[in-house]
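Each remark here refers to the structure printed beneath this line.
The values are calculated or read from the model by the stated rules, or taken from the named source; none is laboratory data. None of these values were measured; they are calculated from a predicted model. Cβ placement follows ideal geometry from the backbone for every residue including glycine, while neighbour counts extend to all protein chains displayed. These area figures cover heavy atoms from the full protein model, side chains too; ligands, DNA and RNA do not enter into them. Shrake-Rupley method; radii C 1.70, N 1.55, O 1.52, S 1.80 Å.
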Amino acid sequence: MSIDLGRSTSNGVPSAQPRIPLVGLNDGNAIPQLGFGVWQVENDEVVSAVTTAIEAGYRSIDTAEGYDNEMGVGRAVREASIDRDELFITSKLRTRLLGETEAVEGVKGSLKALGLDYLDMFLIHWPAPAHDRYVAAWQGLIRAREQGLVRSIGVSNFLPQHLERIIAETGVTPVVNQIETHPEFQQREIRAVLKRHDIQQESYSPLGSGAVLDNPEIGKIAEAHCKSPAQVIIRWHLQEGLIVIPKSVHEDRIRENLEVFDFELTDADMAAIAKLDRTPEGRTGSDPASFNDLW
Ligand code: NDP
């Protein structure tokens, strides 16, 4: 199965459409490989951004309790011209709700803010290891899934030791680990661990929050394919087999970021991008080993 990008010709007959592939999850569900992120988009702006994204063809939206925009996301989803069951909505647990009962309440809080009766996926946003509450939170997400509040459960910003621990202590494996990943921070080391547990890697800040767009090597490859740097980077994620969730608030860029199914990076392109990794200096966000803020 793949997602229809929803284009039609002027006479209303569907045209030959690029399709967003679905990625199978270890619990039997599936997620679109390319989705839309909404971090740092205010509630009032997020309604039009998500509406534009859905109209352009995105079917997966990534929000979080901590983004304070679930109300706007939910409004756009509820008012969309397509059915709820064609969309894949993800939210994430804020760190101050790490804990078993708190996590169930967190899922319910997200549903209330979104105005939805289920989530497709819910993630622990950060492990905040100093507080040692992420295993309890994982037990809470297992309960929320059993209660039908959420269909798939996963984690974000988990290091191998955090993954191994929740799996060992609960017997339940997350479907994804959403982690910062882009050409300058490629997360090669964790991939074997994810593969061993059949956990999908979901790339957040896939453009390095914009920082990788000016990379000269990406620029050269973009020119050779008559594509933009953003399209080359998104295509790199897809060819690496990663789930990818770029963010933009501009309609032209929202649409541009979807136009990535009509070209292919060559082996030489992929090899050149592999050399751009600058781990750990290439990281643009916080380090999960030491991020312990409660918010
Ligand atoms: P991205 O890597 O997606 O980059 C977004 C930036 O690139 C914005 O400044 C945007 O500007 C710009 N941009 C997007 N498309 C284009 C384009 N075609 N041409 C030029 N500029 C472009 O950044 P994010 O950090 O937002 O990451 C994406 C998503 O990942 C988030 O929105 C969120 O959903 C998730 N995330 C999860 C985290 C976690 O801890 N789990 C942490 C960080 C992000 P503009 O909007 O002005 O167009």
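Details
- Three principal axis lengths of the range 209-295 [C-alpha, angstrom, descending]: 44, 32, 23
- Kirkwood Rh in Å, taken over all unlike Cα pairs in the chain: 19.4
- The range 90-108 and the range 149-222 have Cα centres lying 20 Å from one another.
- For the range 150-215, projected area of the alpha-carbon convex hull averaged over all directions, nm²: 4.9
- Listed pairs K195/K227; K92/K112; K220/K275; K195/K220 exceeding 23 Å between Cα atoms: K195/K227; K195/K220
- Between A289 and V193, residue separation times 0.36 nm minus the direct Cα-Cα distance comes to 32.9 nm.
- In this simple spin-label model, placing a label point 7 Å from the Cα along the Cα-to-Cβ direction at both E281 and R255 gives a separation of 3.9 nm.
- Solvent-accessible area, 1.4 Å probe, carbon plus sulfur percent, for the chain: 47
- Segment D85-Q239, extension gain: residue separation times 0.36 nm, minus the distance between their alpha carbons: 52.7 nm
- In this rough spin-label picture, where each label sits 7 Å from Cα along the Cβ direction, the Q161-R96 distance is 2.8 nm.
- In the chain, the calculated helix contribution to ellipticity at 222 nm averages -10500 deg cm²/dmol per residue, counting -39,500 (n - 2.57) for every DSSP H run with n ≥ 4.
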